[in-house]
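Q: What follows is a single structure, and I will ask about it in a moment.
The values are calculated or read from the model by the stated rules, or taken from the named source; none is laboratory data. Quick caveat: nothing in here was measured; it's all calculated off a predicted structure. Every residue, glycine among them, receives a Cβ derived from its backbone with ideal geometry; neighbour counts consider all protein chains shown. Please note that ligands, DNA and RNA were not included when accessible areas were found on the heavy atoms of the full protein model with its side chains. Shrake-Rupley method; radii C 1.70, N 1.55, O 1.52, S 1.80 Å.
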Amino acid sequence: STPSNSSAASDVYKRQPIILLNGILMNTRSWAPQLSAFVNNGLKVILMDYRGQGLSDKPRMKYSIDMLVDDIKGLLDYLNIKKVHMLGISYGGMLAMRFAIKYQDYLKSLILVDTTPIADHYIKRICDQWMMAARLHSGRYLFLTMIPTIYSAYFINERWDFVSSTATAFEKVDFDAFIELLKTVFDKEVNVLDELHKIKVPTLIIAGERDKFAPPEIYSKMIHERIEGSELVIIEKAGHVVIWEKPIEFNAIVIDFVKRHK
């Protein structure tokens, strides 16, 4: 994504590239609260839908974490981007950590948001619940199953009009592809806890204080303790989708970090 005015657009190739990796039920449009802020602060934003997601193809096949990580590398190679800031939220954070372990030379910095370095019993049981809902092929049921986990109680109560308006998007989900993506959370490649010490690029960890999917006092702490020199920021009164719940605060934190690690 490039700036709208021509003089800024001509400078786009001098901008710091940042790739934003979706959560499992997100798509490229989900980053609307970040796009203008990032572009207006000198970033070249790269958005992608994984296979099985958004506008990308949804082949009927077994997906894997390493397959999706290699897709990300393939996109960067196609765009001839040698170094990039990588930001991943939730599932995207899992992919980002795996990418950093496999292809660290591509990274200027790593930003991990509301994510986990391990799929333990707690994480798997939430994914089991989502998978059972998806198998009913009911967008409404999937919506009702997921929202108590992904949003904070504050946001649900204060912004119910917005939250309820997203229900229609659940009706458009490709349930079979979503299930295949969920299955990858059970792959052994997700569990990178014992390899996090290998990550040596500047790393920022951001978590919503009230994240119920990946409580920060457990999962963000795990990451912070194992990546030397990493920074940890907890955003108060925010849940799992901190990019929507607290976009102004979130954007400022990311922009400051990237500017410090050009």
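Q: What are the pairs with Cβ atoms under 6 angstrom where one residue, in segment 123-141, is under 17 Å from Glu180 (Cβ atoms) and the other, located anywhere, is surrounded by 14 or more Cβ atoms within 10 Å (Cβ to Cβ) and not β-branched (Val, Ile, Thr)? Sequence gap at least six, or different chains.
A: Note: pairs meeting the criteria are Cys127/Leu182; Met131/Leu182; Ala133/Tyr141; Ala133/Leu142; Ala134/Leu142; Ala134/Phe175; Ala134/Phe178; His137/Phe175.
Q: For a quick check of your reading: which helices (runs of 4 or more DSSP H) sit entirely within segment 63-158 and have at least 3 residues that are more than 24 Å from Asn191 (Cα to Cα) and open to solvent by less than 10 Å² (accessible area, probe 1.4 Å)?
A: Answer list for segment 63-158: 139-150.
Q: Something else about it: Spot the failing condition for Lys262; the list is (1) assigned to a loop (DSSP other than H, G, I, E, B); (2) open to solvent by 40 Å² or more (accessible area, probe 1.4 Å); (3) in contact with a Lys or Arg (Cβ under 7 Å, 6 or more places away or on another chain), and only one is missed.
A: Result: Lys262 passes all but (3).
Q: Which of the following residues is touching an Asp or Glu at 6+ places or on another chain (Cβ under 9 Å), over 22 Å from Leu95 (Cβ atoms) and among the charged types (D, E, K, R): Lys172, Lys200, Lys246? Talk me through it step by step, then tell me what you get.
A: Working: Lys172 fails: touching an Asp or Glu at 6+ places or on another chain (Cβ under 9 Å); Lys200 fails: over 22 Å from Leu95 (Cβ atoms).
Matching residue, one of Lys172, Lys200, Lys246: Lys246.
Q: Same structure again: Given (1) part of a helix (DSSP H, G or I); (2) farther than 24 Å from Phe143 by Cβ, identify the lone condition not met by Pro59.
A: For Pro59, the failing item is (1).
Q: Hey, another quick one. Search segment 159-179 for residues being under 21 Å from Pro33 (Cα atoms) and of a type in the set (D, E, K, R), and hand back the single one that is surrounded by the most Cβ atoms within 10 Å (Cβ to Cβ).
A: Arg159
Q: Considering only residues that are without any contact (Cβ under 8 Å) to a residue 24 or more places away in the chain, part of a loop (DSSP other than H, G, I, E, B) and among the charged types (D, E, K, R), which ones fall in segment 177-232?
A: Result: Glu217, single match.
Q: Another one. If you take the residues of segment 233-246 that are part of a loop (DSSP other than H, G, I, E, B) and without any contact (Cβ under 8 Å) to a residue 60 or more places away in the chain, which of them is least open to solvent (accessible area, probe 1.4 Å)? Walk me through it before giving the result.
A: Here is the first cut: in segment 233-246, the residues part of a loop (DSSP other than H, G, I, E, B) are 236-241, 246.
Restricting the remaining residues to those that are without any contact (Cβ under 8 Å) to a residue 60 or more places away in the chain gives 236, 246.
Numbers: Glu236: 127, Lys246: 64 Å².
Ranking the qualifying residues of segment 233-246, first place goes to Lys246.
Q: Within segment 29-55, how many residues are hydroxyl-bearing (Ser, Thr, Tyr) and open to solvent by 40 Å² or more (accessible area, probe 1.4 Å)?
A: Adding up the residues that qualify gives 1.
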